[in-house]
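To start, the structure itself, in structure tokens.
The values are calculated or read from the model by the stated rules, or taken from the named source; none is laboratory data. What you see is a predicted model; the values in this text were computed from it and never measured. With ideal geometry, Cβ positions are generated from the backbone for all residues, glycine too; neighbour counts draw on all protein chains shown.
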Amino acid sequence: MKQNNKPLPNNQEAKQMDLSKDKSDATNKFLTTNQGIKINDDNNSLKAGDRGPSLLEDFILREKITHFDHERIPERIVHARGSGAHGYFEVTNPIPQFTKAGFLQEAGQKTPVFARFSTVAGSRGSTDLARDVRGFSVKFYTQEGIYDFVGNNIPVFFIQDATKFPDLVHAVKPEPHNEIPQASSAHDTFWDFISLMPESTHMIMWLMSDRAIPRSYRMMEGFGVHTFRFINELNESHFVKIHWKPKLGTHAVVWDEAQKISGKDPDFHRRDLWEAIDTGNFPEWELGVQIVPEADEHKYEFDLLDPTKIIPEELVPVTIIGKMVLNRNPDNFFAETEQIAFHPGHVVPGIDFTNDPLLQGRLFSYTDTQLSRLGSPNFHEIPINRSIAPVHNNQRDGHMRQEINMGRVSYSPNSLGGGCPYQAKIAEGGFSSFNERVDAHKVRARSESFSDHFGQAKLFFNSQTQTEKDHIIRALRFELTKVETTAIRVRMLGILSQVDTGLAQSVAQGLRLVVPASPEQPMNHGVSPENLGGEQEPKTVPSSVESSQALSMINNPTVTPTIASRKVAIVCADGVDEQVVLNLKMALLKEDAKGCIIAPYHGIVKTDKGGEMAVDFTFLTCSSVLFDAVYVPGGQGLNELSQDADVMDFLNDAYRHCKIIGVQGQGIELLSGTAFADKIDNGDEGIVAEEDNNSPEFAANFIIAMAGHRFWAREATLSNN
Ligand code: HDE
């Protein structure tokens, strides 16, 4: 019987993971010890006299302190800083012709998920806005068992072979002698390694782009990076690359802004995800696949097994097959977000691996790491990691075993247990690996087809708008300026010259260096060729696609402009024009966006009509970097703000970060004190100015401008952003 392989019937709601029996709510309950003894005094330890020594006998004190002493577990070795949420995945376009995975079989079919987003390099307490790759992991609780998607917001990786991963991570983490810098790649060891690893060049282009400083987890794409396999009922294999496309579009902040957010609100992304779900703005992504038939394995100028390569969407379009909606915040960060354990090797029948050597190494690493992080091979029993498909096998015991396995049989074959649990035939949903033929010599080597390190780095750079190229150049200048060793900077310029000479020259100008005439052959850095383990000389294979819109965030064609869930700072003081503020707030609300009242004092502002408006934040506690746009309304009294340095910084930063600034009536006077006063009526389309407080078009114009995210053309007039 094909019991577990059945898709859910249409329109059946995704079964929530049943964590109810594991939840605890202390409302109206006695305080107890872990053994259930009611506690009578939780404020005083047991002493010999009220001024005497504490007694060892105090089991209540000892239990409490012992538990506290062990409250922390090791943080993830990478991706330590993260945030997650529950939701569901829904099939919109089933693909049974490609995969037999039960959860992808019928339109409308829903599967519960938990998604976790993360930075890579920083510690658990580090800032969300570090320049870094973002992890994008989704646990699917399918009827056939757990499927984990464990990807990133960047579709390629630094290295081609798993054995280089510890080196990469050691290089990017804080330097071992002084544990500096935290959550930053801008230091010598990282760029030393990268400048000697030309295979990382494509990834570096992405890392130096604004993809590495997302506006929100909700505005990031997700990529599986490796090529996987889909296997259908006929046991036919297709190669597949998996993509998540955010409904809100892919957006970033600018680097100066990112650094300021890190100070003002290091939890910016975590808070954003939490608040969006809390207020019903459920984050949503479409799931897309690029399918390549087995017969086309060698059709492209790059190797499908090479994780430093994408398949340009111009060669193989992305077909949307479903959507993910995150609609429930965790009840407990530690129990869920921290204890969740992802593994690219958690697959269901219908999904299989390729020989990508990076993926192959990952298949070992993820279970191994849980043994020290979660402390036991029983980590699958932690509620957030439990499969909703039944689990029966002969594995037993170990630290913190929860399950009470019945009977005397824990081996197979057995007759005493009637042969149970028994193996599933393929037709019964049993997993069987793709029957790939492998006939080769055992070698430590890298395929010649992996040796193009620059072709797609060029493709990425060529696909960017001028604004995006400028940001990459400035990011490289920033990072390499932080590098103290000149030889590393020069070596890196040599690598960049292989991508684009203009790029290398522009970075070099910022460093007052000269691009080397011929780049050092990085793989030969003092090592004789026979000791290089068979690496090929790096080369450039021109991409058959010259430029790809999907690689640019600004030119990305898939996004319908929206301001949904965006936040607007409304600059207020006593005497503010109540009606214009309410008008704009209403207009924003209609677009699912939010206007927040910012004032010099907390509590309320008094309006021109004698009314009161609740203040959301003060200039002391927030900054325009925490908002998507700024609105300065009319009204007497706003002038008092022109003397406030915090207010002027607020406005000047919004301008510098290319945000849309709306201003009406007397608000225009306040802007006359800013550094951009001369730009108000001077062709800056990012400033929506209207003298008339009653203008019926103002709100609509402001919203249209905001939907463009930022007014990038302004950057040309700024020298140092
Ligand atoms: Fe990971 N990676 N990784 N990685 N990775 C971990 O597993 C590893 C790689 C990714 O939210 C660790 O449970 C090796 C690529 C994400 O919990 C660890 C290699 C991609 C997360 C590990 C890679 C990823 C991790 C640390 C090279 C994108 C966070 C804690 C062979 C496709 C998952 C843990 C979460 C986490 C090892 C490369 C994504 C140590 C050895 C490529 C999103 O097992």
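Descriptive notes on the structure:
- Condition broken by P377, with the remaining ones in (1) free of Cβ contacts under 8 Å to residues at least 24 places away in the same chain; (2) more than 16 Å from the ligand (Cβ to nearest atom); (3) assigned to a loop (DSSP other than H, G, I, E, B) satisfied: (2)
- When N40 is tested against (1) away from the ligand (no atom under 16 Å from the Cβ); (2) outside any loop (DSSP other than H, G, I, E, B), just one condition goes unmet, and that condition is (2).
- Qualifying residue in the stretch 539-557 (condition: at pLDDT below 85, more than 30 Å from I194 (Cα to Cα) and not assigned by TED's automatic domain parsing to the domain that holds Q505): yes
- For the stretch 96-113, the criterion of being surrounded by fewer than 23 Cβ atoms within 10 Å (Cβ to Cβ), within 16 Å of the ligand (Cβ to nearest atom) and part of a loop (DSSP other than H, G, I, E, B) is met by none of the residues.
- Just one of the numbered conditions (1) away from the ligand (no atom under 16 Å from the Cβ); (2) in a loop (DSSP other than H, G, I, E, B); (3) closer than 17 Å to K139 by Cβ is not true of P421: (3).
- Listing of strands (runs of 3 or more DSSP E) fully contained in the stretch 583-676 that carry 2 or more residues being of a type outside the set (K, R) and surrounded by fewer than 17 Cβ atoms within 10 Å (Cβ to Cβ): 612-614
- Among the residues of the stretch 250-265, none is identified as surrounded by fewer than 21 Cβ atoms within 10 Å (Cβ to Cβ) and either touching an Asp or Glu at 6+ places or on another chain (Cβ under 6 Å) or modelled with pLDDT under 95 (or both).
- Test for E286: is it charged (D, E, K, R) and not in a loop (DSSP other than H, G, I, E, B): yes
- Qualifying residue in the stretch 75-90 (condition: loosely packed, with under 14 Cβ neighbours inside 10 Å, in a loop (DSSP other than H, G, I, E, B) and on the phi < 0 side of the Ramachandran plot): yes
- Checklist (1) touching a residue at least 12 places away in the same chain (Cβ under 8 Å); (2) surrounded by fewer than 13 Cβ atoms within 10 Å (Cβ to Cβ) applied to Q423, failing item: (1)
- Residues of the stretch 218-245 that are over 16 Å from D352 (Cα atoms) and either part of a helix (DSSP H, G or I) or more than 16 Å from the ligand (Cβ to nearest atom) (or both): R218, M219, K245.
- With respect to the stated conditions, L358 fails to be out of contact with any helix residue (DSSP H, G or I) (no Cβ under 7 Å at 6 or more places or on another chain), within 15 Å of the ligand (Cβ to nearest atom) and of a type in the set (A, V, I, L, M, F, W, C).
- The stretch 334-355: number of residues that are in contact with an Asp or Glu (Cβ under 7 Å, 6 or more places away or on another chain) and either within 8 Å of the ligand (Cβ to nearest atom) or of a type in the set (S, T, Y) (or both): 3
- Condition check for D296: under 30 Å from S624 (Cα atoms) and among the acidic types (D, E): no
- Number of positions in the stretch 305-322 that are out of contact with any helix residue (DSSP H, G or I) (no Cβ under 7 Å at 6 or more places or on another chain), among the hydrophobic types (A, V, I, L, M, F, W, C) and away from the ligand (no atom under 16 Å from the Cβ): 4
- Residue match in the stretch 130-145 (condition: more than 26 Å from G361 (Cα to Cα) and in contact with a Gly (Cβ under 7 Å, 6 or more places away or on another chain)): yes
- Scanning the stretch 139-157 for residues that are near the ligand (Cβ under 8 Å from one of its atoms) and not aliphatic (A, V, I, L, M), we see that the one that is nearest to K241 (Cα to Cα) is G151.
- Residues within the stretch 116-138 that are within 9 Å of the ligand (Cβ to nearest atom) and assigned to a strand (DSSP E or B), tallied: 7
- Flag if D331 is within 13 Å of the ligand (Cβ to nearest atom), more than 20 Å from the chain's Cα centre (by Cα) and of a type in the set (D, E): no
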